[in-house]
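A quick write-up on the structure given underneath.
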Amino acid sequence: MSDNQAQFSVLKQTADPAVAEAIQHLIEEGKDHELNRINVLDFSKRTGLDEERVISGFLHASRLGLFDLTWNVLCPGCGGVLDAHSTLKSLRHDDYHCGLCACGYEASVDEQVEVAFTVSPRVRRIAAHDPNTLPLWDYFKQIFWSSGVDFNEESFAALSNDVVLDALELPAHEKAVLSLQLPPEFIIVFEPVTHAAQFIDVQGEPTKERQQLSLMYNKIQAPSGTMTLRPGPLRLSLDNQTDVRVLPSVFIAADALHHLIGKRKPFLTAKRMLTNQTFRDVFKADNLNIDQRLKITSLTFLFTDLKGSTALYERVGDLAAFDLVRAHFHALLEIISSEKGAVVKTIGDAVMATFIRPEHAIVAGLRIRAAMDALNAERGTGDLVVKIGIHEGPCLAVMLNERQDYFGQTVNIAARVQGLSTSQAIHITGPVIDAPAVAAILDRQAIKPIQKQAALRGIADKIVVYEIP
């Protein structure tokens, strides 16, 4: 059996068999470009397979060496990849700069860091493994733009035909001259390898005199500059002083360009990956460094605690209590994972979990409560009473006690809200109940939240909370 076949065999044992079969077919039969920076949410949609199982399958495949996982920092304006990291540890919290948009961005893991998968060169060699050999527009499509930019063959042909005045491949240490006829538009001379850009504001009376512009490409990423020229002929001199070929391209920055690169499709974000149970279980070594602080603008936290566990141990004995508590944990972990959440940690009989959206957390909370009722009925007891609190807000992803964790006031409030429960009531905060999807869930189940004010330990002002009876 070949190494690849052995890996596929192991994958079918660790991942969902249908997902493993689809991954094997992709690797064996897919076109080269389909195996570079795979958008797993798009793959899920095309194959009709469950998103969470697909994400889990690709993570297991990466652990087996079938794929290389990358964390790509994106420009929210144009969707370009500003930097690609092979590990989360190398992700910086400071600004990344986009030459095409002339803007700087902090790498928020909410929507600006894409997680993508590329087939390992040991498994199958594809053109993107040697990006400097890709044809010019394939480089743009496969290397510069992210998997979230929604190109098809027709729209990409329109990009290269309708909004590009000229483009060329310029080998290392060579020079070239382009002769252009400038229209009265805003022009961008953009080079995707070095991310260098020169803006040209073409305005005024047309001229027949040839205008001159010289651009140099080197290892220094100079800030994007703007100059004003008149409509008419331009002699553009290009000098490549780098050790690799460059791809200077002259774009008309009009509505057609914005429309073509403005079409987006969902992609797997770093926030969702950090809130994935398989990633937390399988890729523990690829977490943050001890000094990293990654900003998350919105994350939903669910805290649970088993009420009266000390009295439970005294009442039924250690062995019976341990069996009950273990059954309770098993139910919690299964429900949280199935609702697109992940357990961050357990503290005694308490659980801290994260979800990318409030509606996933509220469904998990309702299911946990129902599961405890079912376990109590099954065992003829009323001992399993779980207190639940849910809150949503900004936080920092950090490393604490050698574990990827979260820090901030949102975490503190979520933990304190859980402490308000004295029975199996669920307590949620305003940001959670204000989510339209949460309101729809409560309405469908005819649940009437009870509004009240609560003083939370360590929080200066009282806050409004809602009890889900």
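The values are calculated or read from the model by the stated rules, or taken from the named source; none is laboratory data. This is a predicted model, so every value here is computed, not measured. Note that each Cβ is placed from the backbone with ideal geometry, even for glycine, and that neighbours are counted across all protein chains shown. To get the accessible areas, we keep the full protein, side chains included, count just its heavy atoms, and leave off ligands, DNA and RNA. Shrake-Rupley method; radii C 1.70, N 1.55, O 1.52, S 1.80 Å.
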Item checked: Dimensions in Å of segment 317-469 - Rg and Dmax from alpha carbons -> 15.5, 45
Check: For THR226 and ASP434, what is the calculated FRET efficiency with R₀ set at 35 Å and r taken between the beta-carbons, to the nearest 0.05?
Finding: 0.25
Check: Taking LYS448 as the anchor, which lysines have their alpha carbon closer than 30 Å to its alpha carbon, excluding any fewer than eight residues away along the same chain?
Finding: LYS307, LYS340, LYS387, LYS462
Check: Quick one: length gained pulling ASP239 to LYS345 fully straight, 0.36 nm per residue minus the C-alpha distance?
Finding: 32.7 nm
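Could you report the chain's accessible area per residue, 1.4 Å probe, as an integer in Å²?
Result: 45 Å² of accessible area for each residue.
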Check: Looking at segment 8-85, which trypsin sites (Lys or Arg not before Pro) are DSSP coil and have at most 12 other C-beta atoms within 10 Å of their C-beta?
Finding: LYS31
Note to self: From the phi angles alone, apply the Karplus equation (6.51, -1.76, 1.60; θ = phi - 60°) to segment 199-211 and give each ³J(HN,Hα) in whole Hz, x where the residue is Gly or Pro.
What the structure shows: 9, 10, 8, 8, 8, x, 6, x, 10, 9, 6, 6, 8
Notebook entry, point to check: Using modelled amide H (1.01 Å from N, peptide plane; none on Pro or chain starts), what sits under 5 Å from the amide H of LYS345, excluding residues fewer than 5 places away?
Noted result: MET352
Next item on the list: Let me know the Rg and Dmax you get for the chain when you use only its Cα atoms, in Å.
Entry: 26.9, 96
Checklist line | Per-peptide average of other Cβ atoms within 10 Å, ordering 177-184, 414-421 highest first | finding: 414-421, 177-184
Check: Which of ALA22, LEU456, GLN198 sits closest to the plus end of the dipole of the chain, meaning its Cα is farthest towards the positive end, when Lys and Arg get +1 and Asp and Glu get -1 on the C-beta?
Finding: LEU456
Check: In whole percent, what relative contact order does segment 57-126 give with Cα contacts below 8 Å and a gap of six or more residues?
Finding: 37
Check: Roughly speaking, to the nearest percent, how much of the chain's 1.4 Å accessible area is carbon and sulfur?
Finding: 50
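Using 21 Å as the Cα-Cα cut-off, could you pick out the over-long pairs in LYS141/LYS284; LYS219/LYS263; LYS263/LYS295; LYS141/LYS265; LYS45/LYS263; LYS89/LYS271?
Exceeds cut-off: LYS141/LYS284; LYS219/LYS263; LYS263/LYS295.
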Check: So what are the radius of gyration and Dmax for the Cα set of segment 49-92, in Å?
Finding: 12.8, 35
Note to self: Students often check this: by mean Cβ neighbours within 10 Å, which of 251-259, 2-10 ranks highest, and how do the rest follow?
What the structure shows: 251-259, 2-10
Next item on the list: Kindly work out what percent of the DSSP beta bridges joining two residues of the chain are antiparallel, to the nearest 5.
Entry: 85
Next item on the list: Can you check what the net charge comes to around ASN161, using other residues whose Cβ is under 15 Å from the Cβ of ASN161 (Lys, Arg +1; Asp, Glu -1)?
Entry: -3
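In the neighborhood of VAL54, defined by Cβ-to-Cβ distances under 13 Å, what is the net charge if each Lys or Arg adds +1 and each Asp or Glu adds -1? Could you put the intermediate results ahead of the total?
Numbers: positive: LYS45, ARG46, ARG53, ARG272, LYS340; negative: ASP16, GLU21, ASP42, ASP50, GLU51, GLU52.
Net charge around VAL54: -1.
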Next item on the list: Please tell me the relative contact order of segment 376-469 in percent, rounded to the nearest whole number, where contacts are Cα pairs under 8 Å and at least six residues apart.
Entry: 26
Notebook entry, point to check: At q = 0.21 Å⁻¹, what log₁₀ I(q)/I(0) does a Debye calculation on the Cα points of segment 114-258 give, no solvent, two decimals?
Noted result: -1.41
Check: How big is the C-alpha Rg of segment 123-190 next to the rule-of-thumb value 2.2 N^0.38 Å, as a ratio?
Finding: 1.33
Next item on the list: Filter the trypsin sites (Lys or Arg not before Pro) in segment 205-247 down to the DSSP loop ones having no more than 13 other Cβ atoms within 10 Å, then list what survives.
Entry: LYS208, ARG210, LYS219
Checklist line | Spread of Cα-to-Cα distances over 5 Å intervals beginning at zero, given as percent, for segment 88-142 | finding: 4, 14, 16, 18, 20, 19, 8, 1
Notebook entry, point to check: If contacts are Cα pairs under 8 angstrom and at least 6 residues apart, what is the relative contact order of the chain in percent?
Noted result: 12
Next item on the list: Give me the net charge of THR226's neighbourhood, meaning all other residues with Cβ under 14 Å from the Cβ of THR226; Lys, Arg count +1, Asp, Glu -1.
Entry: -2
Margin query: If packing is taken as the average count of other Cβ atoms within 10 Å, what order do 406-412, 331-337 fall into, highest mean first?
Written below: 331-337, 406-412
